[in-house]
Amino acid sequence: MPKISIIIPMYGVEKYLRRCLDSVQNQTFKDWQAICVDDGSPDKSGEIAEEYASRDKRFVVVHKKNGGLSDARNFGMKYAKGKYIMYLDSDDFIHPQTMEIAYSLAEKNKSDIVSFTYDRFYRPQLMVRHVLHLDTDNVVPFGIKKKYNIDKIKTRTTDDVFEYATERAHNRFNPNRKWLIKHCQVWKNMYRKTLIDDTPFIKGILFEDFPWWSAIMLKNPRVTIAPLPLYFYIPNFGGIVLSAKQLRIMQSLCTGIKYAYKLYSEKASQYQMAKWTENFLWYFINWAFRKLKYFKSDEEIKVAKQEFIEMNKLGIFDNVPNQWYELREQIYAFIGK
């Protein structure tokens, strides 16, 4: 049985896929299983993955009808046999020591999650080059060449993920700033499989990471934080988020907010609810509400208003941190409360 299963959904990524799969194959840690989920891709992504699987049995390729990113991740979990789970988007890639570091820290600290981060310079560099019409395909990030001594990696292990996980911006004088788990992308963590087995992603929405991560935090996982840039995030300018209509983005955000709020209302302690409301909830409410500026038709505005009316009925706007009071008043004015 492999120690790590890494789930790689694929759709329209033949341009990037070899780099992604090479980064898995070149890991210094060898006991892994890569589950490549062909989500009905219209290009040669499935064929490319099959080529890798024919040469290396650690690659497992499964094919399915297109159902979106969440559905592909859920489907991949059916084939996962590892003690730990990682997620890798097929247009991205990882540092050669990613698995070695994550597994070592998880075992050493008996952690349910090992959290790392992404290279903060590589993606902006590619975006600038794209704007200037320069080559972006052959740019090698400097950080991928760094060799880490695992025994010297500074980490922090906590049984209170709510103290460190956040969407908030913290100034540079905050003593915990280095250790914050910023944002909720699922691909910058490794998870114990038993922790996430019963928590599927919501099918059919964008930004599915937020409600899923919110649910995982509620399980009180033991987390080791290693703020190393082990993930290389590629701006796919034709990707699902950048090409999506703003109304769908808004509806997806509202679906995630309602799902997570109901979950926290039923299961969270007072402390968990307060920290989640302060560090996550209102940031996503703000994001959803700011989408209104893109809506032109009366029908779009009507749909948006109904979403916010439903959230109000659930009591989502009842408790508001001081910094978001003005936003709540704007929402109330929009829905006519």
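The values are calculated or read from the model by the stated rules, or taken from the named source; none is laboratory data. From a predicted model like this one, the values you see are computed outputs, not experimental measurements. Note that each Cβ is placed from the backbone with ideal geometry, even for glycine, and that neighbours are counted across all protein chains shown. Just the protein is used for accessible areas: all its heavy atoms, side chains included, with ligands, DNA and RNA removed. Shrake-Rupley method; radii C 1.70, N 1.55, O 1.52, S 1.80 Å.
Distances between placed amide hydrogens fall under 5 Å for Y87 paired with I7, N189, all partners being 5 or more residues away or on another chain. Summing charges over all other residues whose Cβ lies under 11 Å from the Cβ of H63, with Lys and Arg as +1 and Asp and Glu as -1, gives -2. Classify segment 196-330: rounded, prolate or oblate, from the alpha-carbon gyration tensor (a ≥ b ≥ c, eigenvalue square roots; a/c under 1.5 rounded; otherwise prolate if a/b is larger than b/c)? Oblate, because a/c is 1.5 or more while a/b does not exceed b/c. Neighbours of I316 by Cβ distance under 13 Å: Lys/Arg scored +1, Asp/Glu scored -1, total +2. Only helical runs count toward this figure. For the chain, summing -39,500 (n - 2.57) over DSSP H runs of n ≥ 4 and dividing by all residues gives -12000 deg cm²/dmol at 222 nm. A simple count of charges around Q330, restricted to other residues whose Cβ falls under 14 Å of its Cβ and scoring Lys, Arg +1 and Asp, Glu -1, yields +4. Think of a 1.4 Å ball rolled over the protein heavy atoms: segment 25-171 then has 50 Å² of accessible area per residue. Among the protein heavy atoms of segment 7-121, carbon and sulfur supply 51% of the accessible surface, probe 1.4 Å, non-protein parts ignored. Scoring 295-303, 213-221, 26-34 by mean Cβ neighbours within 10 Å over their residues and listing the highest first yields 213-221, 26-34, 295-303. Close amide H partners of T157, meaning residues 5 or more places away or on another chain with modelled amide H under 5 Å apart, are I225.
Taking every lysine pair in segment 3-108 that is 8 or more places apart or spans two chains, those with Cα atoms closer than 18 Å amount to 17.
Quick check: from the Cα gyration tensor, does segment 69-128 come out rounded (a/c under 1.5), prolate or oblate? Cα axes put segment 69-128 in the oblate bin. Shape annotation for segment 1-122: C-alpha extents along the principal axes are 42, 34, 28 Å, from largest to smallest. Proximity of backbone amide H atoms, modeled 1.01 Å from N, is registered between I181 and A165, T166 at under 5 Å, excluding neighbours fewer than 5 places apart on the same chain. Scalar couplings 3J(HN,Hα) for segment 317-328, obtained by applying the Karplus form with A = 6.51, B = -1.76, C = 1.60 to θ = phi - 60°, are 8, 5, 9, 10, x, 3, 5, 10, 4, 5, 4, 4 Hz; x denotes Gly and Pro.
Taking packing as the residue-averaged number of other Cβ atoms within 10 angstrom, the listed peptides 70-77, 160-167 run from highest to lowest as 70-77, 160-167. The listed peptides 19-25, 89-95, ordered by packing as a protection proxy, come out as 89-95, 19-25 (highest mean of other Cβ atoms within 10 Å first).
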